[in-house]
Amino acid sequence: MNTRRLKNLVANKLMLLTTVLSSLIVLIIAVTLFQRSTLILTTHSLSELLLSSSWHPWKGEFGFHPFIMGTLWVTALAMVLAIPPSLLMSIYLAEYAPTRVRGIIKPMIDLLAGIPSVVYGLWGVLLVVPLIRDYVAPLAGATTTGYTVLAGGVVLAIMVYPIIISISEEVIRAVPQQVREASMALGATKWQTVKHVVTRSAFPGIIAAVMLGFGRAFGETMAVLMVVGNVPLTPSSLFDPAYPLPALIANNYGEMMSIPLYDSALMLAALFLLLIVLVFSVVASILLVGIKRRLAVG
Amino acid sequence: MNKKFVLVALVVVVIASFVVYNYVSSTNELKGTITVSGAWALYPMMVKWAEEYQKIYPNVEIEVSAGGAGKGMTDALNRAVDIGMVSRGIYPEEIANGAFWVAVVKDAVVPTINKDNPVLEDVMAKGVSRSTFIGIYIYGNITTWGQVVGRPEITDAINVFTRSDSCGAAETWANYLGKKQEDLRGTGVYGDPGLVEAVRNDRSGIGYNNIGYAYETETRQQVDGIRVVPIDVNENGQIDTEEDFYNAKDKIVEAIGNGLYPSPPARNLHLVTKDKFTGLAKEFVKWILTDGQEYVEEAGYVSLPEDAINEQLEKLNG
């Protein structure tokens, strides 16, 4: 009797401890980064760091604006390219596809998710970049080296979509069969059922899948860095090169960590990246709570 | 019977190896571990040196890791490693923190273009001068291949490529043009192989590479698909015979050695430590500067001239 209760208590507290500790890690990372970036924060004003476009570390000019904009451009493009096809695909796999087709396609998508990002990057350099330079850009009347926001977005979209498909397909399949049967019984077609009933109850889960995709897109470094051009100028079109924050850190950290101010600037870049992802997921969680509440009422 | 024989043989072998081991360790009294980290540019050379040194002194263990010049410098200044490898000049901030360095070997950065460049023949015959490179890489006022070779009717745009990662090669190239890496124009591509790939795929492209990546190690010819741009050192508008050494690796290595190829973009590669090299690390660096130089050429690098070696040895001992 007592040992049973004790076991329950121990299990409870142990799980609490691990949960608290692992959530503390985010805090520890943030504090460390903040501490390491104090040097640059004390010598430069925040508005200058955020709004200036002049990146000349050796002249003491650290403008992060092009990098922040580069991150947003590439991520936004990747999501625009990835979300619609991956949703259609996950609906197809969950609702329409025969078991055999699903059995073949699902493992292939999971395999895509497991490919190392440097492989995607190489593939981007060998295929996507020349394709954009020789065919896509001339169509749009632009001349470019091919190392562009577009190349980064395409490669990133391909990396993100297995994640979105995998999760949203599971979510859609988890919708109870009775819901579908009820809809069909009312005379709705399969498409009407999918559109009005299934996706509606799977919606919060699909949003969560998209969020996970965004998380990867923001932070993905190697593949993007290899195709995006890395020019520290704010992009103004899809055919401009961009320079996202993770690329800035990866490109310079090993070489520049012996120069204190430069090191500190790179730490600040990491902090910015963390904050962007944090703000984004907080906003998304709030939205998600709202959606769930509305669905429960409706 | 047979078993006994095997046993005896085994004992003999064990005893013999002990004797040999003791003999070897008493003749080669150097013992211990040397840790090395830093620049990618120096890594293959250092691995070769470490191998050879450990053959002579089997009780010395040398651990080499790469991770960039800044990492080598930071590790050395924090005494996390005995020797840091640095492929660029030493910055004042680092000297203030007690950086001590010796040059051990040279290599060079060379400009490269696509083998199907629209004005390839003109470029090969006339060369490209430093001021033209400055126009392309720094000011951006030279934008077509026609401008490069003085044939205004050719309007193919120059696609300028540079390294995205901070590196000794880019720093050296910028230094040749009188600037810093951050001032170089162009699309940033990651790593030496990435830059080769970018130029190979773009007939209007121009880039720059360490000679190790611009020439094949086995055939000692230029890498397929790219051509090394001859530099018009005396700016007379043509490549003279003494400026013509780009066809094969051995010729350019010789030109770097005797100074016909300008420096920069030829550069010294350094080993650094905090304050001074001491003990085993010092012995190793001394060996690198003396006997170690014989492996330099086969690893694809360029030896320092003799007076420079002596200067570095004096600095090491001083």
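The values are calculated or read from the model by the stated rules, or taken from the named source; none is laboratory data. Note that the structure is predicted; figures quoted are calculated from it, not measured. For neighbour counting, all protein chains shown are included, and Cβ atoms are generated from backbone atoms with ideal geometry for every residue, glycine included.
Some notes on this structure:
- Residue selection: A:V128 satisfies the criterion of being assigned to a helix (DSSP H, G or I) and either touching a residue at least 24 places away in the same chain (Cβ under 8 Å) or out of contact with any Pro (no Cβ under 8 Å at 6 or more places or on another chain) (or both).
- The set of residues from the stretch B:213-235 being small (G, A, S) and surrounded by 18 or more Cβ atoms within 10 Å (Cβ to Cβ) comprises just one member, B:A214.
- Conditions (1) modelled with pLDDT under 90; (2) surrounded by 16 or more Cβ atoms within 10 Å (Cβ to Cβ); (3) within 14 Å of chain B (Cβ to nearest Cβ); number of the one not met by A:V149: (1)
- Residues in the stretch B:296-312 that are free of Cβ contacts under 8 Å to residues at least 40 places away in the same chain and among the hydrophobic types (A, V, I, L, M, F, W, C): B:I309 only.
- In the condition set (1) buried (at least 22 other Cβ atoms within 10 Å of the Cβ); (2) within 13 Å of another protein chain (Cβ to nearest Cβ), A:L127 is compliant with all but (1).
- Test: B:V24 is exposed (fewer than 14 other Cβ atoms within 10 Å of the Cβ), out of contact with any helix residue (DSSP H, G or I) (no Cβ under 7 Å at 6 or more places or on another chain) and either closer than 17 Å to B:Y295 by Cα or at pLDDT below 90 (or both): yes
- Condition met for A:L245 (under 30 Å from B:A198 (Cα atoms), away from every other protein chain (no Cβ under 11 Å), among the hydrophobic types (A, V, I, L, M, F, W, C) and buried (at least 21 other Cβ atoms within 10 Å of the Cβ)): yes
- Hey, B:T217 at pLDDT 85 or above, within 30 Å of B:D75 (Cβ to Cβ), among the hydroxyl-bearing types (S, T, Y) and outside any helix (DSSP H, G or I) or not: no
- Checked against the criterion of being within 30 Å of B:K71 (Cα to Cα) and either within 14 Å of chain A (Cβ to nearest Cβ) or of a type in the set (A, V, I, L, M) (or both), the candidates B:V223, B:V229, B:V233 yield just one match: B:V223.
- Residue in the stretch A:165-174 that is among the β-branched types (V, I, T), more than 26 Å from A:M222 (Cβ to Cβ) and out of contact with any His (no Cβ under 6 Å at 6 or more places or on another chain) present: yes
- Candidates A:V289, A:V277 - the one that is without any contact (Cβ under 8 Å) to a residue 12 or more places away in the chain and either of a type outside the set (A, V, I, L, M, F, W, C) or more than 11 Å from every other protein chain (Cβ to nearest Cβ) (or both): A:V289
- A:L266 under 23 Å from B:E94 (Cα atoms), within 12 Å of another protein chain (Cβ to nearest Cβ) and surrounded by fewer than 19 Cβ atoms within 10 Å (Cβ to Cβ): no
- When residues of the stretch A:132-146 are limited to those that are aliphatic (A, V, I, L, M) and within 14 Å of chain B (Cβ to nearest Cβ), the one surrounded by the fewest Cβ atoms within 10 Å (Cβ to Cβ): A:A142
This table checks each residue for (1) in contact (Cβ under 8 Å) with a residue 12 or more places away in the chain; (2) within 14 Å of chain A (Cβ to nearest Cβ).
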position	(1), (2)
B:D107	yes, no
B:V110	yes, no
B:N114	yes, yes
B:I142	yes, no
B:E153	no, no
B:D156	yes, yes
B:S164	yes, yes
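- Test: residue in the stretch B:108-118 that is under 28 Å from the mean Cα position of the chain (by Cα) and surrounded by fewer than 21 Cβ atoms within 10 Å (Cβ to Cβ): yes
- Residue ranges of helices (runs of 4 or more DSSP H) in the stretch B:32-96 with at least 3 members under 17 Å from A:M257 (Cα atoms), in contact (Cβ under 8 Å) with a residue 24 or more places away in the chain and in contact with a Lys or Arg (Cβ under 7 Å, 6 or more places away or on another chain): B:69-77
- Residues in the stretch B:189-208 that are out of contact with any strand residue (DSSP E or B) (no Cβ under 6 Å at 6 or more places or on another chain) and polar (S, T, N, Q): B:N201 only.
- Scanning the stretch B:180-212 for residues that are in contact with a Pro (Cβ under 9 Å, 6 or more places away or on another chain), among the acidic types (D, E) and surrounded by fewer than 22 Cβ atoms within 10 Å (Cβ to Cβ) yields a single hit, B:E182.
- Matching entry among A:A202, A:A182, A:A208 (being surrounded by fewer than 19 Cβ atoms within 10 Å (Cβ to Cβ), more than 14 Å from every other protein chain (Cβ to nearest Cβ) and free of Cβ contacts under 8 Å to residues at least 40 places away in the same chain): A:A182
- Single residue of B:V86, B:V60 found to be of a type in the set (V, I, T) and under 20 Å from the mean Cα position of the chain (by Cα): B:V86
- Those residues of the stretch A:1-58 which are among the hydroxyl-bearing types (S, T, Y), free of Cβ contacts under 8 Å to residues at least 40 places away in the same chain and not in a helix (DSSP H, G or I), in sequence order: A:S45, A:S52, A:S54
- Taken over the stretch B:55-94, the criterion of being within 14 Å of another protein chain (Cβ to nearest Cβ), within 21 Å of B:E283 (Cβ to Cβ) and of a type outside the set (A, V, I, L, M, F, W, C) is satisfied by B:S65, B:G72, B:D75, B:R79, B:G84.
Listed here are the residues, each with its yes/no results for (1) under 26 Å from A:V125 (Cα atoms); (2) in contact with an Asp or Glu (Cβ under 7 Å, 6 or more places away or on another chain).
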{"residue": "B:Y190", "(1), (2)": "yes, yes"}
{"residue": "B:L195", "(1), (2)": "yes, no"}
{"residue": "B:I211", "(1), (2)": "yes, yes"}
{"residue": "B:D224", "(1), (2)": "yes, no"}
{"residue": "B:K251", "(1), (2)": "no, no"}
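- Remark: pairs (first residue in the stretch A:212-235, more than 18 Å from A:G146 (Cα to Cα) and within 14 Å of chain B (Cβ to nearest Cβ); second residue of a type outside the set (V, I, T) and surrounded by fewer than 24 Cβ atoms within 10 Å (Cβ to Cβ); Cβ separation under 6 Å; 6+ apart in sequence or on different chains) = A:T221/A:P246; A:T221/A:A250.
- Just one of the listed residues (B:I252, B:I256, B:I239) is β-branched (V, I, T) and part of a loop (DSSP other than H, G, I, E, B), and it is B:I239.
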